[in-house]
1. Once phi is turned into θ = phi - 60°, what whole-Hz ³J(HN,Hα) does the Karplus curve with 6.51, -1.76 and 1.60 give for every residue of the stretch 195-204, x standing for Gly and Pro?
2. Return the sequence-ordered ³J(HN,Hα) values of the stretch 21-28 in whole Hz as given by the Karplus equation 6.51 cos²θ - 1.76 cosθ + 1.60 applied to θ = phi - 60°, using x for Gly and Pro.
3. Quick one: P(r) of the stretch 123-277 from all Cα-Cα pairs, 5 Å bins, percents rounded to integers, in order of increasing distance.
4. Which residue fluctuates most in the GNM of the chain (Cα springs below 10 Å): 107, 132, 232?
5. Which value, in debye to the nearest 20, describes the size of the charge dipole of the stretch 90-177 about its Cα centre when Lys and Arg Cβ atoms bear +1, Asp and Glu Cβ atoms bear -1, and nothing else is charged?
6. Could you derive backbone 3J(HN,Hα) for the stretch 67-79 from the dihedral phi with the Karplus parameters 6.51, -1.76 and 1.60 (θ = phi - 60°), listing whole Hz in sequence and x where the residue is Gly or Pro?
7. Can you compute log10 of I(q)/I(0) for the stretch 38-123 with the Debye formula, treating each Cα as one identical point scatterer, at q = 0.12, 0.14, 0.16 Å⁻¹?
8. Given a cut-off of under 8 Å on Cα pairs at least six residues apart, what relative contact order in percent is computed for the chain?
Amino acid sequence: MKISIIFTTYNSPSWLQKVLWGLDQQTDDNFEIVIADDGSKDETQQLIEQFSNSSAITVKHIWQEDNGFQKCSILNKAIMAAEGEYLILTDGDCIPRKDFIAVHRQHAEPGYFLSGGYLKLPMQTSKLIDKHHIEQGLCFNKQWLIDHGVNQSHKLLKLTESKWLAKILNALTPTKRTWNGHNASCFKTEAIRVNGFDERMQYGRLDCEFGGRLKNAGLKTKQIRYSAICVHLDHPKSYENSASWEKNKIIRQTSVKQRLIETPAGIKQAGLTQAEL
């Protein structure tokens with residue numbers, strides 16, 4: 001089964017570089033990278049070209065003109081451009097552990113989507129991580145992270161390498177099994193079935209709204225919060241505002257109340273086809 005891993009980026013080449021290094025270390029190499037670029041400048045394109053030339057992984061750079069925060073629009077374009085039958089969605093600020101793809105493949109099952117999590121890092125640790133730390137797996141090591149600015153807490157259990165402990169924690173966690181944009185996956189046919197992401201939405205629970213429609217379509221969920229591991233690099237959120245949160249809240253409530261499966265503002269309305277991309 002061919003997998004496409006999709007993530008968004010916007011003028012964050014330093015963070016993008018670290019994510020690509022993480023993907024280049026994957027134990028499962030039967031996947032392609034689809035970068036959903038929401039209008040980055042030339043530096044990002046140059047970085048992607050350099051990585052593509054040095055890596056055996058197929059990389060697709062899907063770019064759209066900068067028109068503010070339009071994550072849903074570029075994600076829909078990336079979904080249609082993806083050649084894998086199975087889609088893993090993450091973010092351009094999340095470094096995956098070397099078994100990330102393998103874990104998603106292991107748990108993939110028709111009729112389900114997978115719900116993962118992340119460990120959020122402080123800025124000082126995020127800046128410190130380099131290629132060596134990723135290749136050696138140090139940025140996923142509990143003690144190394146504590147020694148380099150991460151507070152010791154129960155949250156570090158998210159980095160467990162024990163499969164039996166991960167299974168227990170996945171079952172016990174009170175965290176809801178939602179679609180999390182930084183770590184979630186489903187078959188491409190299901191993403192298209194719900195008409196992709198709602199392009200009216202900007203920042204604020206757009207991933208949850210997408211996952212809600214997958215559930216309305218009959219999909220069940222599997223919790224892999226402690227199995228599929230990634231660390232989240234810190235960054236400011238200049239695009240966050242109360243107006244977009246309120247607008248998205250109304251859209252989300254409508255999806256729930258009307259048990260919508262297809263968004264009225266998604267792939268079909270954008271006129272997207274795989275042939276064109």
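1. 6, x, 8, 7, 6, 7, 8, 10, 5, x
2. Working through the residues one at a time gives 4, x, 5, 6, 9, 5, 6, 9 Hz.
3. Pair shares across the bins are 1, 8, 14, 15, 15, 15, 14, 11, 6, 1, 0.
4. Highest fluctuation of the listed residues: 132.
5. Working: 13 positive and 8 negative charges, 55 e Å.
For the stretch 90-177, the charge dipole is close to 260 debye.
6. Using θ = phi - 60°, the values come out as 9, x, 6, 10, 4, 5, 5, 6, 5, 5, 5, 5, 4 Hz.
7. -0.48, -0.67, -0.88
8. Numbers: 525 pairs, mean separation 69.7, N = 277.
It rounds to 25 percent for the chain.
Laboratory data are not the source of any read-out in this text; all were calculated from the coordinates shown. None of the values given here were measured: they were computed from a predicted structure. Heads up, the Cβs are rebuilt from the backbone with ideal geometry, glycines too, and the neighbour counts pull from every protein chain shown.
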